[in-house]
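Colleague: Got a structure for you, written out below as structure tokens; questions coming shortly.
Laboratory data are not the source of any read-out in this text; all were calculated from the coordinates shown. Since we're looking at a predicted model, the values are computed, not measured. Neighbour counts run over all protein chains shown; Cβ positions are idealised from the backbone, glycine included.
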Amino acid sequence: MATCPGCALLCDDIEVIVENNRIKETKNACRRGAARIKGCINRLEPKIAQKPSDIESAVRKAAEILGNAKSPMLFGWSNSTCEAQVKGIQLAKKLGAIIDDTSSFCQGLLIEKLLQKKFRTCTLEEVRNKADVLVYWGSDAQDSEPRHLSRFSYFPRGESRQRGYEEDRIAIAIDVRESNTAKICKGHFYRIQPKGDREFILALIDALSGKVPAYEPKKILELASILKKAEYGVIFAGIGLTYSIKDDFDILVALADKIPNFHIMPMVGHYNMRGFNENLFKETGFVNRVKFDGKVVHDNRYSIVEALREKSIDALLVAGSDPLSSLPRSLVRHLASIRVICIDPCVTMTSKIATVTIPCAVSGVESGGTAVRMDGKIIELSKIIESDYPTDEELLSRLMGAL
Amino acid sequence: MGIDVGKFLKNPEYEIKITTYRDIFQVEAQECDRFGKDYEKLSACIVMSKNDMAKMGLKPGDRVKVTNNNGSIVVEVRESKRDEPGGVAFMVNSPWSNVLVSEESGGRGIPEFKNITAKISLVKEETTTLESLMEYFRKLQ
């Protein structure tokens, strides 16, 4: 059995059929996971200034760029192993650089609150064995973490939930659109307006406090009644919810306080985003947006978004991410005017404009290591096939050596 | 022969709210080949309710220009398979939707990926390609 690096569920029941060191077929994986394991068709090649090079020269050039930069930033990390992430943090310390990851514009704030123990959470095994009320809030797990409902939450039998979804579990979706997950939550889909989550939470707190909510009272009272009766409830908080309530996580904590049998779990897409958050938190007390400036400084200015908007960085190392694809175009224009180093197994939009590109092995397929599942459990990654590509951890070690 | 006045008239523009979402088929296509035709086809589209499409005189497969202060793209219209009330259109999270997202985040570091306002109008132009989005960056270099 292999572990899938497709998303932060890190499914460890994947059968892979290998012929002549090539992946022929996967079994049990979702579309996303199968595609990740089979690999991209465009492998990255070592290049300097868009011209073919070799890995050693590219690493030396990358070290030269980072060593000479006045304000370098190291970014990405959510598709890197924990071992590579730790090396990345060491590299940032050595350079006095800014380090940030994709959680900076995703679930970082919620994960920081979780690591600070601001609310109750649980493991996916506890969800499978105990949970009877599942609330997918601003989260379409069916498309983002496609085996969430089938492996852990709604469909499986669990120790205290022997009758599964037919009798023992209720799944609820609160969303702006009727997602594929909402389709499964038959009769329990609550449509909200864009940015309407705050109003919905306040109404729900009112209903749970015995007041008549000002907003859609009938539906909210019905939902409050289901939540109150839960023996073991979980709110799966997606980015639809976290983007909408912005910094106001206290409102979510206040809701959780009204329903003491409930737990909150951030839904994480990239396979090791939570790993980076935990590794940086251990080192600095923060999950992202850190500058090593003799001491640890945490500031929103050190988020990739603000650093690019303010044009405050002059070199960017991108490990396992594609900011040119995933950030607003108006923002990433700045990437065209700075030196970018790209470490990735595949050609990306960012690699196409990078000054230096360095190919690495696909972690969880061509190299092993560890990663942190969305609920915080450490999972071993498998090496399924042999590869000549160095791991991202090895490349970062060589880069530090070359500085 | 009379003059076809219609071709000189600009198609009407409508204001629209857009929110982004994930689609497993598009994610799969991205994993395989983010420069491939499948990824482009599954990304360069906007999903709208029947009501909104009727109001705007749009049919499935029409191409529309979606424009705001941040940029402009041409994408294909798809009709939602759901019973959507309308007022909000949907785009998968991609480099196409990101053309329309503002860089402003109020200093918080999180752009409004899911809260886009734009103008939409029927056009005959081809849909925006990934190559043309890349060309935009190459010209800046």
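Colleague: Restricting to Cα atoms and excluding each atom paired with itself, what does the Kirkwood estimate give for the stretch A:108-266 in Å?
Modeller: Numbers: mean 1/r = 0.0644 Å⁻¹.
Its Kirkwood hydrodynamic radius stands at 15.5 Å.
Colleague: For chain A, with the dipole built from +1 on Lys and Arg beta-carbon atoms and -1 on Asp and Glu ones, taken about the Cα centre, which of A:Asn79, A:Gln90, A:Ser179 lies farthest toward the positive end?
Modeller: A:Ser179
Colleague: Measure out, as a whole number of angstrom, how far apart the alpha-carbon centroids of the stretch A:239-277 and the stretch A:1-53 sit.
Modeller: The distance from the Cα centre of the stretch A:239-277 to that of the stretch A:1-53 comes to 29 Å.
Colleague: Which ³J(HN,Hα) values in Hz, rounded to whole numbers, follow from the phi angles of the stretch B:98-103 under the Karplus curve 6.51 cos²θ - 1.76 cosθ + 1.60, where θ = phi - 60° and Gly and Pro get x?
Modeller: 5, 4, 8, 8, 6, 6
Colleague: Taking the Cα centre of the protein assembly as shown as origin and charging only Cβ (+1 Lys, Arg; -1 Asp, Glu), how large is the dipole, in debye to the nearest 20? Numbers along the way, then the final one.
Modeller: Working: 78 positive and 74 negative charges, 150 e Å.
Dipole about the Cα centre, nearest 20: 720 debye.
Colleague: Counting other Cβ atoms within 10 Å, keep those with at most 15, restrict to DSSP loop, and tell me which GluC sites (Glu not before Pro) in the stretch A:270-362 are left.
Modeller: Details: sites: A:Glu278, A:Glu283, A:Glu306, A:Glu310; in loops: A:Glu310.
Qualifying residues, ordered by number: A:Glu310.
Colleague: May I ask you to list the aspartates and glutamates whose Cα is less than 18 Å away from that of A:Lys113, ignoring any residue fewer than eight positions away on the same chain?
Modeller: Those aspartates and glutamates meeting the cut-off are A:Asp100, A:Asp101, A:Asp247, A:Asp248, A:Asp250, A:Asp257, A:Glu278, A:Glu283, A:Asp299, A:Asp375.
Colleague: Sequence-distant or interchain residues sharing an amide H contact under 5 Å with A:Asn42, placed H: which?
Modeller: Amide H neighbours of A:Asn42, under 5 Å, 5+ apart: A:Val347.
Colleague: Counting only C-alpha contacts under 8 Å and six or more residues apart, can you give the relative contact order of the stretch B:10-131 as a whole percent? Walk me through the numbers on the way to the answer.
Modeller: Values: 236 pairs, mean separation 49.0, N = 122.
Answer for the stretch B:10-131 is 40 percent.
Colleague: Most exposed first by the Cβ proxy, i.e. fewest other Cβ within 10 Å, how do A:Arg163, B:Arg63, A:Arg339, A:Arg289 rank? Each step should come with its number before you reach the end.
Modeller: Numbers: A:Arg163 10, B:Arg63 19, A:Arg339 22, A:Arg289 26.
Least to most surrounded, the residues fall as A:Arg163, B:Arg63, A:Arg339, A:Arg289.
Colleague: Okay, moving on. Charges only on Cβ, +1 for Lys and Arg, -1 for Asp and Glu: so what's the dipole of chain B about the Cα centre, in debye to the nearest 20?
Modeller: Working: 21 positive and 22 negative charges, 59 e Å.
Computed charge dipole of chain B: roughly 280 debye.
Colleague: Sticking with this structure for a sec: With the Cα gyration tensor of the stretch A:289-403 in hand, give its eigenvalues times 5 under a square root as the equivalent ellipsoid semi-axes, listed largest first in whole angstrom.
Modeller: On the way: eigenvalues 139, 67, 46 Å².
For the stretch A:289-403, the ellipsoid semi-axes come out as 26, 18, 15 Å.
Colleague: Taking loop as defined by DSSP and a crowding limit of 15 other beta carbons within 10 Å, which trypsin sites (Lys or Arg not before Pro) in the stretch A:102-160 fit? Provide the component values of the computation, followed by the final result.
Modeller: Working: sites: A:Lys113, A:Lys117, A:Lys118, A:Arg120, A:Arg128, A:Lys130, A:Arg147, A:Arg151, A:Arg157; in loops: A:Lys117, A:Lys118, A:Arg120, A:Arg147, A:Arg157.
Listed in order of number, the matching sites are A:Lys117, A:Arg157.
Colleague: Oh, and also: Ranked from highest to lowest mean number of other Cβ atoms within 10 Å per residue, what is the order of the peptides B:126-133, A:132-139, B:113-120? Mind dumping the intermediate values first?
Modeller: Working: B:126-133: 16.4, A:132-139: 25.4, B:113-120: 20.5.
Top of the packing list down: A:132-139, B:113-120, B:126-133.
Colleague: Sticking with this one: Any idea which of B:Gly106, B:Ser49, B:Ile18 is furthest toward the positive side of the dipole for the stretch B:10-131, if Lys and Arg beta-carbons carry +1 and Asp and Glu beta-carbons -1?
Modeller: It is B:Ser49.
Colleague: Test of understanding: ordering A:Phe155, A:Phe292 by Cβ neighbours within 10 Å, fewest first, what list do you get? Please list the in-between numbers first.
Modeller: Working: A:Phe155 17, A:Phe292 20.
In increasing order of surrounding Cβ atoms, one gets A:Phe155, A:Phe292.
Colleague: May I pose another question? Going down the list A:Lys38/B:Lys17; A:Lys38/A:Lys87; A:Lys61/A:Lys282; A:Lys87/A:Lys383, which pairs span over 29 Å between their C-alpha atoms? Spell out each step's value before the answer.
Modeller: Working: A:Lys38/B:Lys17 37 Å; A:Lys38/A:Lys87 27 Å; A:Lys61/A:Lys282 31 Å; A:Lys87/A:Lys383 20 Å.
Correct reply: A:Lys38/B:Lys17; A:Lys61/A:Lys282.
Colleague: In whole Hz, with x marking every Gly and Pro, tabulate ³J(HN,Hα) for the stretch A:16-27 from phi via Karplus 6.51 cos²θ - 1.76 cosθ + 1.60, θ = phi - 60°.
Modeller: 10, 9, 10, 10, 6, 6, 10, 7, 8, 7, 10, 10
Colleague: Shifting gears a bit: Mind checking the alpha-carbon convex hull of the protein assembly as shown and giving the volume per residue in Å³? Please report the intermediate quantities before stating the final value.
Modeller: Numbers: hull volume 86.1 nm³, N = 544.
Taking only Cα atoms, the protein assembly as shown has a hull volume of 158 Å³ per residue.
Colleague: Can you put A:Leu241, A:Leu335 in order of Cβ neighbours within 10 angstrom, beginning with the fewest?
Modeller: Details: A:Leu241 28, A:Leu335 23.
Fewest-to-most ranking of A:Leu241, A:Leu335: A:Leu335, A:Leu241.
Colleague: Can I ask one more? Once amide H atoms are built 1.01 Å from N in the peptide plane, which residues 5 or more positions from A:Tyr190, or in another chain, come under 5 Å H to H?
Modeller: Counting only residues 5 or more places away or on other chains, the set is A:Ala173, A:Ile174, A:Asp175.
Colleague: What are the ³J(HN,Hα) couplings of the stretch B:36-47, residue after residue, when phi is run through the Karplus curve with 6.51, -1.76, 1.60 and θ = phi - 60°? Round to Hz, x for glycine and proline.
Modeller: Karplus values, whole Hz, x for Gly and Pro: x, 5, 4, 4, 5, 5, 7, 9, 7, 8, 10, 9.
Colleague: Moving on. With a/c under 1.5 counting as rounded, go ahead and sort chain B into rounded, prolate or oblate using the C-alpha gyration tensor (a ≥ b ≥ c being the square roots of the eigenvalues; past the cut-off, prolate if a/b is larger than b/c, else oblate).
Modeller: Numbers: a/c = 1.44, a/b = 1.32, b/c = 1.09.
Rounded is the answer for chain B, as its axis ratio a/c remains below 1.5.
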